Ligand SMILES: Nc1ncnc2c1ncn2[C@@H]1O[C@H](COP(=O)(O)OP(=O)(O)OP(=O)(O)O)[C@@H](O)[C@H]1O
Ligand SMILES: [Mg+2]
């Protein structure tokens, strides 16, 4: 059990400072939402947590399970129990969703126990079936080739199925840029709700009000100009819906208006 603690994180993209001392704790057992206007740095945070090479960390730390995950390779972060959506965005022709997920489960278990011989196929089938039923997914989906000809919503489903199968302790989901229909949004929400529990925390990055109709975050953070400007309860999302971001910009003055 561990919170994800981000302290004074500074990140440059193409030599420009985008995250300017971001401090944020995602508590284990809780679902947090991160909102904020276009260009405030939300996806930059997601890519940085993922370990994307274009995002240069110039200061700060991100602690999870007593380790600074910024010092770990992306797969080590994953083995530690951090799930980052679009970690595997590539299409893999010839590899089915089921085979991909089985390799992912095996990689995780082997990282925890080098002696682990791999999950027996019947056991994996049962696991996968259970997860697909929970997410109300058609079983035929598991036989399709990963991301090969997938629609945006199907990629999202594959991602959520991956999350449900790996059962991470902390998930960071950037939903901002995805043109998801209501069913896909509900799928994301159900995936998060299905994992909800004392050993699971999530940070859902979104500026869609809609997803928050399905996932009920415990805490909402609003990002402005590379920092967290406001943190509050679910009522904060309603306030945004009604008043937009201007009141936050005004409250935080010039720096935020830049
Ligand atoms: N690869 C890049 N090269 C140059 N600038 C970048 C790059 N990635 C991000 N930026 C800049 O960093 C700032 C933050 O972008 P980011 O994508 O993190 O915002 P966001 O909060 O996710 O916005 P949105 O709500 O539109 O998804 C923007 O000004 C953007 O132009
Ligand atoms: Mg974004």
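Filter segment 24-39 down to the residues that are crowded, with 24+ Cβ neighbours inside 10 Å and within 12 Å of ligand 1 (Cβ to nearest atom) and list them by number.
34, 35, 36
Only one of (1) more than 16 Å from ligand 1 (Cβ to nearest atom); (2) over 14 Å from the mean Cα position of the chain (by Cα); (3) farther than 21 Å from residue 35 by Cα is not met by residue 195, so which one is it?
(2)
Looking at the structure I just gave you, is residue 21 assigned to a loop (DSSP other than H, G, I, E, B), modelled with pLDDT of 95 or more and surrounded by fewer than 19 Cβ atoms within 10 Å (Cβ to Cβ)?
So residue 21 fails the test.
So which residues in segment 157-174 are without any contact (Cβ under 8 Å) to a residue 60 or more places away in the chain and surrounded by 19 or more Cβ atoms within 10 Å (Cβ to Cβ)?
Listed by number, the residues that qualify are 157, 160, 164.
Residues that are surrounded by 17 or more Cβ atoms within 10 Å (Cβ to Cβ), at positive phi and in contact (Cβ under 8 Å) with a residue 40 or more places away in the chain: does segment 136-151 have at least one? It would help to see each step written out before you state the result.
Of the residues in segment 136-151, the ones surrounded by 17 or more Cβ atoms within 10 Å (Cβ to Cβ) are 137, 141-142, 146-147, 150.
Cutting the leftovers down to at positive phi gives us 147.
After this cut, where a residue has to be in contact (Cβ under 8 Å) with a residue 40 or more places away in the chain as well, the list is 147.
Among the residues of segment 136-151, at least one is surrounded by 17 or more Cβ atoms within 10 Å (Cβ to Cβ), at positive phi and in contact (Cβ under 8 Å) with a residue 40 or more places away in the chain, which makes the answer yes.
Hey, which of the strands (runs of 3 or more DSSP E) in segment 45-115, taking only ones fully inside, have at least 1 residues that are within 16 Å of ligand 1 (Cβ to nearest atom) and crowded, with 17+ Cβ neighbours inside 10 Å?
Answer list for segment 45-115: 55-64, 82-84.
Please tell me if residue 64 is under 25 Å from residue 128 (Cα atoms) and either away from ligand 2 (no atom under 16 Å from the Cβ) or without any contact (Cβ under 8 Å) to a residue 40 or more places away in the chain (or both).
no
How many residues does segment 197-226 contain that are within 16 Å of ligand 2 (Cβ to nearest atom), touching a strand residue (DSSP E or B) at 6+ places or on another chain (Cβ under 7 Å) and in a strand (DSSP E or B)?
Summing the residues that are within 16 Å of ligand 2 (Cβ to nearest atom), touching a strand residue (DSSP E or B) at 6+ places or on another chain (Cβ under 7 Å) and in a strand (DSSP E or B) in segment 197-226 gives 6.
The values are calculated or read from the model by the stated rules, or taken from the named source; none is laboratory data. Quick caveat: nothing in here was measured; it's all calculated off a predicted structure. A quick note on method: Cβ atoms are made from the backbone with ideal geometry, for glycine too, and the neighbour counts reach across all protein chains shown.
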